[in-house]
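Structure, as structure tokens:
The values are calculated or read from the model by the stated rules, or taken from the named source; none is laboratory data. Quick caveat: nothing in here was measured; it's all calculated off a predicted structure. Please note: Cβ atoms are built from the backbone with ideal geometry, for glycine as well, and neighbour counts cover all protein chains shown. Quick note on the areas: whole protein, heavy atoms, side chains included, nothing else; ligands and nucleic acids left out. Shrake-Rupley method; radii C 1.70, N 1.55, O 1.52, S 1.80 Å.
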Amino acid sequence: MRQSISLSLCSVGDTDLTGIHALYEKTNTMSPFFLIDLALVIGFVHCDRQQYFEDMIKSRTDHALNYKFQEDAKMYEATDKATVTDFGIYDFIVIGAGASGSVIANRISEIKDWEILLLEAGDDPDDFVMIPRYFAVNVLTDYNWGYQTTPQKNACLGNINQKCRLPTGKGTGGTTLISELVYSRGDPQMYDKWAKLVKDPSWAFKNVLPYLKKSENYTGNVEDGFIDEGYHGFDGYWQVSNFEKFYPLSEIFLAGNVDMGVKFTDYNGKEQIGSAILQINTKNGRRCDQYSAFIKPIMNERDNLKISKQSYVIKIEFNSTRYATAVLFTKNMKIYRARVNHEVILSAGVIGSPQLLMLSGIGPKDHLKQHGIEVLENLEVGSTFRDHLMTQVFFSSNLSSSVNHSQTDQIKEYLTGHGILTAANPIDVIGAYNTFSGKESQTYPNLQLSISQGGISEMTKKLLNWNNEIFQELYGQTVKNAFTLVALLLHSHSTGSIRLKSSSPYEYPLIDGNYLSDPKGLDIETLYQGIQIALRLIKTPAFQSINATLAVPHIPACQRMKYLSKDFWYCYIRQAVKSAFHPVGSCLMGATTNSVVNSQFKVYGVKGLRVCDASVFPLAPSGQPVAICAMMAEKLTDLLKQKYGKTSRNCDP
Ligand SMILES: Cc1cc2nc3c(=O)[nH]c(=O)nc-3n(C[C@H](O)[C@H](O)[C@H](O)COP(=O)(O)OP(=O)(O)OC[C@H]3O[C@@H](n4cnc5c(N)ncnc54)[C@H](O)[C@@H]3O)c2cc1C
């Protein structure tokens, strides 16, 4: 017994009182040995935490380099397809415990007389996932579904088979388990545009601001002047903070922007355009993902919330009046049916949600018929996929890396909640710019620029799917004190699609980003403008003080073009561009013929089914998606509480 307890606690090496509580629950007894064991275990864990983390980091990074991405969902396939076991009846069933679903499950389970079922295909995060700095290693694990796009014609040309990776999180917390933790909501005008697109003023900025604030618990020092106080929340579940330390490169980035006449701003405040200190979702130096923020604190406290993990949903069922009545899912190789009283809420993400709708008979009718799926409702599901794209440009400098010190020291600091491991990117600054040449508003950014230290590793090559040739050309060179400027296209105009590969729920769908394909070429031009801003930035006195120098060679794929000409950069972008991993819009919210849900998240043509996740965004946002997902979840749950006559902390003005 003693050995098994020690081992189980060792597995929560970053232990806290929840771990101790779990241990007691596990033993379920206050035996004479319990306290002795507990003392031994606490001592053991305390002494060995350093070693535990060192071993874990080594084994995970080794594993990541040899990791083989999953290519389908056959691991979930039931062995006996004829038998369906009843899983009970619930008031609401939430599908997917990601950035949106976790918040929804938390908020609706506040109503004690509602029974809630939350279904999630993955597992809870472990200690390694909690280390912000290793987010890229997490991508190379089974916390990622492993999706990639179909071969692209205009982008990702330097990738193996011209396929872009599209990492998507699997587990309680969803993609926030592998994200970079940037907290960014998008600017006020974006929401006003959203309200116009969906013909519903409740989406205007002044009306969604209370929901953005409701989730947030900003814990940075307000006195620092980094934020516009009135735009932030201070008592939500979800921690927002700033990285604790400025590295010289951060200072240079901010100073360079000042040199260019770009002012300092709070990009989650009144004005987004400007340079800023990043706001990140960490708590005591640990990842503050949607599981840690919204599920863990309530998990053992709400009897009315049942969370079923490793539960892969394969279909939503409807009765003859087109009402969603049940959800079919597999768990431990068996098929279950969970029935629903009120509503099913689909939050399986930009790829999972359209796939499930189509498998359930809701989608483009010809496409469904082609796969022999009975059509329940003909809707443009999966037809309006959008994404953010990014291009990296490398520079050398004479600023020696002050970020790297020994891993042992990094872990020591991490265990006290400090140091480089507590941020995904410790060069914690960002800029938002407007490169529109026309008369569009100057307060509406179309581009972000971020900076990071160092070059590219074998791990990044694997993560991004680069082919050997481009990897060797671009990154095989030795660059002195390398740093990277990354241009991120916000409002992409290219529209891609998600289509079923077959009628089997165990096949991954076909994802065609159709990147850089917009007929007017606005997307590639914006990325080109982003590179021009980066090149201007390194000419500023701030960057010249570290002798910043472009380190992009004349790559063979672009040899025909004059080096550094506009044609060269266009060619470079098509080779080296990648998804910024912010896909949205595959189940569009709106009131047009290609809309899938209305402004209250209801799927057109059926009853008792809503979709609430990044798939419903009616536009590619001017911020990162998670904060927007949390806001939508807060808005939806208020709406449900009102509809069903429950009291809520109504945020409507
Ligand atoms: C590497 C990376 C870095 C990122 N960095 C940032 C960042 O810094 N800031 C930011 O705001 N955004 C970031 N993002 C994007 C962001 O994480 C996603 O946009 C966001 O999580 C989407 O939320 P969602 O609710 O739509 O879906 P998700 O968070 O993806 O959740 C969907 C959930 O549904 C589950 N699911 C899917 N299908 C099924 C099924 N059939 N049955 C049961 N469960 C299912 C999934 O396992 C998952 O848990 C990043 C993404 C990546 C990949």
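Residue-wise test of (1) out of contact with any Pro (no Cβ under 8 Å at 6 or more places or on another chain); (2) closer than 30 Å to LEU485 by Cα.
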{"site": "PHE243", "(1), (2)": "no, yes"}
{"site": "ILE252", "(1), (2)": "yes, yes"}
{"site": "ALA276", "(1), (2)": "yes, yes"}
{"site": "THR325", "(1), (2)": "yes, no"}
Quiz item: In region 113-140, which residues are open to solvent by less than 10 Å² (accessible area, probe 1.4 Å), closer than 30 Å to GLU244 by Cβ and part of a loop (DSSP other than H, G, I, E, B)?
Solution: PHE128, VAL129, ILE131, LEU140
Quiz item: Could you give every pair whose Cβ atoms fall below 7 Å, whose first residue belongs to region 224-251 and is part of a helix (DSSP H, G or I), and whose second residue is of a type in the set (Val, Ile, Thr), counting only separations of at least 6 or pairs across chains?
Solution: GLU229/VAL222; LEU249/ILE427; LEU249/ILE451; SER250/ILE427; SER250/VAL429
Quiz item: Being without any contact (Cβ under 8 Å) to a residue 12 or more places away in the chain and in a loop (DSSP other than H, G, I, E, B), is that true of even one residue in region 623-637?
Solution: no
Quiz item: Within the bounds of region 511-521, is there any residue that is in contact with an Asp or Glu (Cβ under 6 Å, 6 or more places away or on another chain) and more than 16 Å from the ligand (Cβ to nearest atom)?
Solution: yes
Quiz item: On the given criteria, is ILE351 in contact with a Ser or Thr (Cβ under 8 Å, 6 or more places away or on another chain) and more than 11 Å from the ligand (Cβ to nearest atom)?
Solution: no
Practice problem: Pull up region 509-552, narrow it to residues that are open to solvent by 20 Å² or more (accessible area, probe 1.4 Å) and of a type in the set (Ser, Thr, Tyr), then point me to the one that is nearest to SER383 (Cα to Cα). | Solution: SER517
Quiz item: Within region 324-342, can you find the residues that are free of Cβ contacts under 8 Å to residues at least 60 places away in the same chain and either within 12 Å of the ligand (Cβ to nearest atom) or among the aromatic types (Phe, Trp, Tyr) (or both)?
Solution: LYS331
Practice problem: Filter region 222-235 for residues that are surrounded by 20 or more Cβ atoms within 10 Å (Cβ to Cβ) and touching a helix residue (DSSP H, G or I) at 6+ places or on another chain (Cβ under 9 Å) and give the result. | Solution: HIS232
Quiz item: Is at least one residue of region 281-294 assigned to a strand (DSSP E or B), of a type in the set (Phe, Trp, Tyr) and within 16 Å of the ligand (Cβ to nearest atom)?
Solution: no
Practice problem: Quickly run through region 603-621 and pick out the residues that are within 12 Å of the ligand (Cβ to nearest atom) and either open to solvent by 10 Å² or more (accessible area, probe 1.4 Å) or over 19 Å from SER517 (Cβ atoms) (or both). | Solution: VAL611, CYS612, ASP613, ALA614, SER615, VAL616, PHE617, PRO621
Quiz item: Of all residues in region 302-314, which are open to solvent by 80 Å² or more (accessible area, probe 1.4 Å) and assigned to a strand (DSSP E or B)?
Solution: LYS306
Quiz item: Which of (1) touching a strand residue (DSSP E or B) at 6+ places or on another chain (Cβ under 8 Å); (2) surrounded by 24 or more Cβ atoms within 10 Å (Cβ to Cβ) is the odd one out, the single condition GLN600 does not satisfy?
Solution: (2)
Self-check item: Subset of region 116-127 [within 11 Å of the ligand (Cβ to nearest atom) and either more than 30 Å from LEU640 (Cβ to Cβ) or in contact with a strand residue (DSSP E or B) (Cβ under 6 Å, 6 or more places away or on another chain) (or both)]
Solution: LEU118, LEU119, ALA121
Practice problem: Only residues that are under 30 Å from LEU305 (Cβ atoms), more than 7 Å from the ligand (Cβ to nearest atom) and of a type in the set (Ser, Thr, Tyr): list them for region 135-171, please. | Solution: THR141, TYR143, TYR147
Practice problem: At least 2 residues that are closer than 24 Å to TRP145 by Cα in each: list the strands (runs of 3 or more DSSP E) lying fully within region 483-601 that qualify. | Solution: 497-499, 510-512
Quiz item: Within region 571-585, is even one residue closer than 16 Å to LEU197 by Cα, at pLDDT 95 or above, among the β-branched types (Val, Ile, Thr) and surrounded by 22 or more Cβ atoms within 10 Å (Cβ to Cβ)?
Solution: yes
Practice problem: Can you confirm whether region 371-385 contains a residue that is within 26 Å of THR176 (Cα to Cα), at pLDDT 95 or above and near the ligand (Cβ under 10 Å from one of its atoms)? | Solution: no
Quiz item: Does region 564-587 contain at least one residue that is within 16 Å of the ligand (Cβ to nearest atom) and farther than 27 Å from LEU157 by Cβ?
Solution: yes
Quiz item: Restricting attention to region 213-242, which residues are in contact with a Ser or Thr (Cβ under 7 Å, 6 or more places away or on another chain) and closer than 30 Å to SER545 by Cβ?
Solution: GLY220, SER241
Exercise. Quick one: which residue in LEU474, LEU500, LEU535 is in contact (Cβ under 8 Å) with a residue 12 or more places away in the chain, under 30 Å from LYS334 (Cα atoms) and more than 22 Å from the chain's Cα centre (by Cα)?
Key: LEU500
Quiz item: Quick check: is even one residue across region 281-295 of a type in the set (A, V, I, L, M, F, W, C) and open to solvent by 10 Å² or more (accessible area, probe 1.4 Å)?
Solution: no
Practice problem: Determine whether ASN594 is open to solvent by 10 Å² or more (accessible area, probe 1.4 Å) and in contact with an Asp or Glu (Cβ under 7 Å, 6 or more places away or on another chain). | Solution: yes
Quiz item: Among the candidates GLU110, GLU71, which residue alone is over 15 Å from the mean Cα position of the chain (by Cα), away from the ligand (no atom under 11 Å from the Cβ), surrounded by fewer than 19 Cβ atoms within 10 Å (Cβ to Cβ) and under 29 Å from ILE456 (Cβ atoms)?
Solution: GLU71
Practice problem: Six or more apart or on different chains, Cβ under 7 Å: which pairs go from a residue in region 343-357 that's under 14 Å from LYS602 (Cα atoms) to one that's within 6 Å of the ligand (Cβ to nearest atom) and acidic (Asp, Glu)? Could you list them? | Solution: SER347/ASP613; SER353/ASP613
Quiz prompt | Single unsatisfied condition, MET130 versus (1) within 22 Å of TYR414 (Cβ to Cβ); (2) within 9 Å of the ligand (Cβ to nearest atom); (3) aliphatic (A, V, I, L, M) | solution = (2)
